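Asks: Have a look at this one.
All of the numbers you see were taken from the coordinates with simple rules; none came from a lab. Just so it is clear, the structure is predicted and the values come from calculations on it, not from any experiment. Positions of Cβ are backbone-derived with ideal geometry, glycine not excepted, and every protein chain shown enters the neighbour counts.
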Amino acid sequence: MTETDRLVVRRFTENDAEALYEILSDPAVMQYIEPPYTMAQTREFIRDAGLSDPPLVYAVIWKNTGRLIGHLIWHTYDPTAMELGWVIHRNFWRMGVARELTAALLASTTQDIVIECDRRQSATRHIAKSFGFQLHGCIDGRCIYQKHKNPIPRE
């Protein structure tokens, strides 16, 4: 799907289940998302979200090792916007992976982009703000940030 200096983003395969389970079963990774996944839930997630057509999520691979380090959320949010998100293995936190993914996707689309996150997720909120996303609102503890790629001209 896309490639950066350190990352390859590709479609999931069923063979990615073990590596993704290591990430999605980690309570620290899933703290603001959902309860940690079982292996069965991980396989179902890959089947339903990663192997769908078009996919809702993509595998994020650390280029130097070929290791799956997380998943990228990238799918239609509404008729004018794409949703962007990421879930990254905790060993790769604070290494700029989410920033790298965000920059790559911003450069590759002309559509508006939305990032949703739990209001307690300060790292995601910081990334959204640093890339110029505006807070659209918070509903049920989830904040919605939006970046307009083609701003509406002011009269």
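Asks: Any idea which residue in the stretch 36-55 is farthest from the chain's Cα centre (by Cα), counting only those that are in a loop (DSSP other than H, G, I, E, B) and closer than 19 Å to residue 89 by Cα?
Replies: Start the filter on the stretch 36-55 by keeping residues that are in a loop (DSSP other than H, G, I, E, B), which leaves 36-38, 51-55.
From what's left, closer than 19 Å to residue 89 by Cα: 36-38.
Numbers: 36: 17, 37: 17, 38: 20 Å.
In this case the residue turns out to be 38.
Asks: Could I ask something else about it? Scan the stretch 63-80 and give yes if some residue there is at positive phi and surrounded by 17 or more Cβ atoms within 10 Å (Cβ to Cβ), otherwise no.
Replies: Of the residues in the stretch 63-80, the ones at positive phi are 66, 70.
Imposing the further condition that a residue be surrounded by 17 or more Cβ atoms within 10 Å (Cβ to Cβ) reduces the set to 70.
Scanning the stretch 63-80 turns up at least one residue that is at positive phi and surrounded by 17 or more Cβ atoms within 10 Å (Cβ to Cβ).
Asks: Taking into account only those residues within the stretch 99-129 that are surrounded by fewer than 16 Cβ atoms within 10 Å (Cβ to Cβ) and free of Cβ contacts under 8 Å to residues at least 24 places away in the same chain, which is farthest from residue 31 (Cα to Cα)?
Replies: That would be 107.
Asks: Here is a further query. Residues in the stretch 83-98 that are surrounded by fewer than 19 Cβ atoms within 10 Å (Cβ to Cβ) and in contact with an Asp or Glu (Cβ under 8 Å, 6 or more places away or on another chain): how many?
Replies: 2
Asks: Could I ask something else about it? Being in contact with a helix residue (DSSP H, G or I) (Cβ under 6 Å, 6 or more places away or on another chain), touching a residue at least 24 places away in the same chain (Cβ under 8 Å) and hydrophobic (A, V, I, L, M, F, W, C) is the filter here; which residues of the stretch 8-45 pass it?
Replies: Answer for the stretch 8-45, where residues must be in contact with a helix residue (DSSP H, G or I) (Cβ under 6 Å, 6 or more places away or on another chain), touching a residue at least 24 places away in the same chain (Cβ under 8 Å) and hydrophobic (A, V, I, L, M, F, W, C): 12, 17, 20, 23, 24, 28, 29.
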